[in-house]
Amino acid sequence: KYVGLVAHTNAKICCTRKTTPGLRAFEKYAVRCGGAMNHRFGLDDAFLIKDNHIAVAGGIREALRAAKAAAGHLVKVEIEVDTLDQLREVVDEGADFVLLDNMTPDQLQEAVRRVSGKMLTEASGGVTLQTVAAIAESGVDMISVGALTHSAPVLDLGLDIVIG
């Protein structure tokens, strides 16, 4: 449903790393079967710098510099921001991706304008079937939806044996 709701845009739907213990491979496969993309499979797939990392590192620039210094040449670096002021520092310092967390469609549109193709943009937080189209229309490259895995309904199967 999510993929269909954004089909008129260039945005790609992707799941998050939040999966059911022991079922990650199956849930990630189901996401791909539904036409969406996988985000990281594990913590070692790419750097994702979040607010706690930024705090410990001493700021956005410091966190990005440390990650880039530690990353191999094939490892991507993504950083999460929740304000346009933080985004300014990311654009100045550079990253492969910027995760725009809990921003309104208007804020996302402004963020995409400011990034101006220098890195990929990913919207995250509060994404629902009711909001996903407006988020996609902001121009972001990707939209991560945790509900694809952590809130997917189960298929209730039963096996009844009838004798006689």
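The values are calculated or read from the model by the stated rules, or taken from the named source; none is laboratory data. Bear in mind the structure is a predicted one, so any value in this text is a computation, not a measurement. Because the Cβ atoms are built from the backbone with ideal geometry, glycine has one as well, and the counts that use them run over all protein chains shown. SASA here: full protein model, heavy atoms, side chains in, ligands and nucleic acids out. Shrake-Rupley method; radii C 1.70, N 1.55, O 1.52, S 1.80 Å.
Considering the stretch 1-59, the residues that are within 18 Å of residue 122 (Cα to Cα), among the β-branched types (Val, Ile, Thr) and in a loop (DSSP other than H, G, I, E, B) include one that is nearest to the chain's Cα centre (by Cα), namely 16. Among residues of the stretch 71-88 being without any contact (Cβ under 8 Å) to a residue 12 or more places away in the chain and either under 24 Å from residue 145 (Cβ atoms) or small (Gly, Ala, Ser) (or both), the one that is surrounded by the most Cβ atoms within 10 Å (Cβ to Cβ) is 83. Residues in the stretch 89-143 that are of a type in the set (Gly, Ala, Ser) and in a strand (DSSP E or B) were compared, and the one that is surrounded by the fewest Cβ atoms within 10 Å (Cβ to Cβ) is 124.
The set of residues in the stretch 25-40 that are under 24 Å from residue 96 (Cβ atoms) and touching a residue at least 40 places away in the same chain (Cβ under 8 Å) comprises 28, 31, 36, 37, 39.
When restricted to residues that are over 17 Å from residue 154 (Cβ atoms) and either touching a Gly at 6+ places or on another chain (Cβ under 8 Å) or open to solvent by 50 Å² or more (accessible area, probe 1.4 Å) (or both), the stretch 12-24 contains 4. When residues in the stretch 31-55 are screened for being open to solvent by 60 Å² or more (accessible area, probe 1.4 Å) and either in contact with a Cys (Cβ under 8 Å, 6 or more places away or on another chain) or not charged (D, E, K, R) (or both), 8 of them pass.
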